[in-house]
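For reference, the structure discussed in these notes is given below.
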Amino acid sequence: MTDPMELFAIDSLFTDEERDIRDTVRRFTADRIRPSIAQWYAAGDLPARELARECGRLGLLGMHLEGYGCAGAGAVAYGLACFELESADSGVRSLVSVQGSLAMYAIRTFGSEEQRRRWLPAMAAGEAVGCFGLTEPDAGSDPGAMRTWARRDGGDWILNGEKMWITNAAIADVAVVWARTDAGICGFVVPMDTPGVSTLPVGHKLSLRASVTSALVLQDVRLPGDALLPEATSLRAPLKCLNEARLGIVFGSLGAGYDCLRAAIDYAGSREAFGRPIAGFQLTQEKLTEMTRGLVNGLLLAVHVGRLREAGKATPAQVSLAKLNSCETAIGIARTARTILGANGVTLEYPVLRHANNLEAVLTYEGTSEVHKLVVGQALTGQAAFR
């Protein structure tokens with residue numbers, strides 16, 4: 001049997017350094033994540049603080065950022081790391097990408113020098129965990145409708161509101177919180193031990209079970225004036241953070257799809273029906289071929305957008321199209337792989353339904369498929385269909 005990556009010489013697209021980073025993360029997931037992920041998923045738990053420190057030692061947290069203990073890797077190297085992390089589980093990739101591409105990126109891009117020095121080195125090392133408070137119970141795809149409010153009280157700020165579906169919140173040391181003010185939407189660096197800050201777990205999840213997901217509640221939270229992110233002056237700031245983070249999903253979701261495809265190929269080669277392996281049946285080969293076609297096409301687009309990002313030329317519409325394509329491709333692969341595995345595909349002995357369930361959330365967060373279609377549609381037509 002030939003690996004889909006080898007069949008199309010995908011490795012030739014990467015530098016030696018990028019392959020080394022990918023291989024390092026692959027070994028990490030093989031040693032640390034894969035042996036336990038089914039158990040973590042079933043329990044709805046993840047040793048997130050411990051994994052954050054381990055990822056910090058590998059240089060994975062904020063790895064595409066410059067300075068303050070960050071590795072300064074390229075966009076494709078970061079994407080390959082996300083590919084390997086999510087091939088193990090989407091929850092693990094979410095831990096890393098929320099830390100680096102949302103919380104750390106926001107502080108690095110919009111924060112003061114004091115905020116950067118206070119938080120970024122510890123976050124890069126995994127000694128401090130961050131979260132990103134944008135989504136609210138009634139403001140998901142339309143973040144401009146947020147109700148969280150920040151008002152001045154002398155030299156301080158008082159925050160009130162509730163954020164929802166916040167990855168890492170229950171284990172975080174710091175939150176980047178977005179709130180309405182008299183001057184527009186602003187960002188705040190909020191230490192989680194500030195009085196009035198609390199979290200509530202999101203229970204009964206069927207997706208991203210191996211991920212820490214919480215509501216973030218702010219009740220008369222008093223912050224000093226210097227908690228404000230000085231360079232974040234409108235809704236464009238959190239949207240820029242989301243666009244930054246989507247590249248990890250572009251690569252990461254395909255990692256989940258690849259893991260499903262590999263499981264299907266292996267299973268088809270060993271499972272016998274009617275006296276021979278099911279890999280020898282035409283319908284099975286058609287499924288494997290179509291899954292491979294989607295995966296390879298998605299990877300070619302992901303690498304292209306990554307190279308554009310490295311050149312400073314990637315547009316939001318390009319990233320949106322890639323995120324849309326990767327997520328829908330990956331979830332299609334997962335669902336088709338499940339049919340090859342038959343009843344075994346619904347168990348945690350194999351990864352495919354776990355990945356499919358996770359991808360239902362990945363398909364939605366950081367922009368639903370519908371929203372990304374509208375972003376691309378606006379770029380094609382010049383007409384905004386959001387309202």
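When every Cα-Cα distance of segment 148-188 is counted in 5 angstrom steps from zero, the calculated P(r) takes the values 6, 20, 29, 22, 14, 8, 1 percent. The Rg/Rh ratio of segment 1-118, with Rg taken over Cα atoms and Rh as the Kirkwood radius over Cα pairs, comes to 1.01. Comparing mean-square fluctuations of A268, A30, A343 from a GNM of the chain with C-alpha springs under 10 Å, the top value falls on A343. Amide H contacts for V212 (H built 1.01 Å from N in the peptide plane; partners 5 or more residues away or on another chain; cut-off under 5 Å): N168. In order along segment 167-182, the Karplus-derived 3J(HN,Hα) couplings, from 6.51 cos²θ - 1.76 cosθ + 1.60 at θ = phi - 60°, round to 5, 6, 4, 5, 10, 7, 9, 8, 10, 9, 10, 9, 8, 7, 9, 4 Hz, and Gly and Pro are given as x. For segment 237-266 and segment 195-209, what is the separation of their Cα centres, given in Å? The distance from the Cα centre of segment 237-266 to that of segment 195-209 comes to 23 Å. Taken about its Cα centre, the chain carries a charge dipole of about 480 debye when Lys and Arg each add +1 at the Cβ and Asp and Glu each add -1 at the Cβ.
Between K313 and A385, the contour length at 0.36 nm per residue exceeds the alpha carbon distance by 23.5 nm. Here the spin labels are modelled as points 7 Å beyond Cα on the Cα-Cβ line, and at D153 and L283 they lie 6.6 nm apart. Would you look at the GNM of the chain, springs on alpha carbons closer than 10 Å, and say which of F274, F132, F188 moves the most? Between F274, F132, F188, it is F274 that shows the largest mean-square fluctuation. Here the chain exposes an accessible surface that is 52 percent carbon and sulfur, computed with a 1.4 Å probe and the other protein chains kept in place. For segment 130-233, the alpha carbon positions stretch 44, 29, 22 Å along the principal axes, listed from largest to smallest.
Within a straight-line Cα-Cα reach of under 20 Å, K163 can be paired with the following aspartates and glutamates, leaving aside sequence neighbours fewer than 8 residues apart in one chain: E136, D138, D142, D173, D182, D193, D220, E366.
Sequence-ordered 3J(HN,Hα) estimates for segment 193-203 from the Karplus curve with 6.51, -1.76 and 1.60 and θ = phi - 60° stand at 8, 5, x, x, 9, 8, 10, 10, x, 8, x Hz, glycine and proline given as x.
Given the -39500 (n - 2.57) contribution per DSSP H run of 4+ residues, what per-residue ellipticity at 222 nm results for the chain, rounded to the nearest 500 deg cm²/dmol? Intermediate results must be reported in sequence, preceding the final value.
On the way: 13 runs with 188 residues, N = 387.
After summing the helix terms and dividing by residue count, I get -16000 deg cm²/dmol.
Phi-derived couplings, Karplus 6.51 cos²θ - 1.76 cosθ + 1.60 at θ = phi - 60°, listed residue by residue for segment 214-221: 9, 8, 10, 10, 10, 10, 6, 7 Hz, with x used for Gly and Pro. Here is the P(r) of segment 236-381: all C-alpha pair distances, binned every 10 Å from 0, give 12, 38, 28, 15, 6, 1, 0 in whole percents.
Under the simplified labelling scheme, the T233-L300 pair shows an inter-label distance of 4.3 nm, with each label point 7 Å from Cα along Cα→Cβ.
Using the alpha-carbon positions of the chain, Rg (one decimal) and Dmax (whole number) come out as 21.0, 80 Å.
The values are calculated or read from the model by the stated rules, or taken from the named source; none is laboratory data. Bear in mind the structure is a predicted one, so any value in this text is a computation, not a measurement. Glycine gets a Cβ as well: all are built from the backbone with ideal geometry, and neighbour counts include every protein chain shown. Protein only, heavy atoms only, side chains kept; ligands, DNA and RNA dropped before computing areas. Shrake-Rupley method; radii C 1.70, N 1.55, O 1.52, S 1.80 Å.
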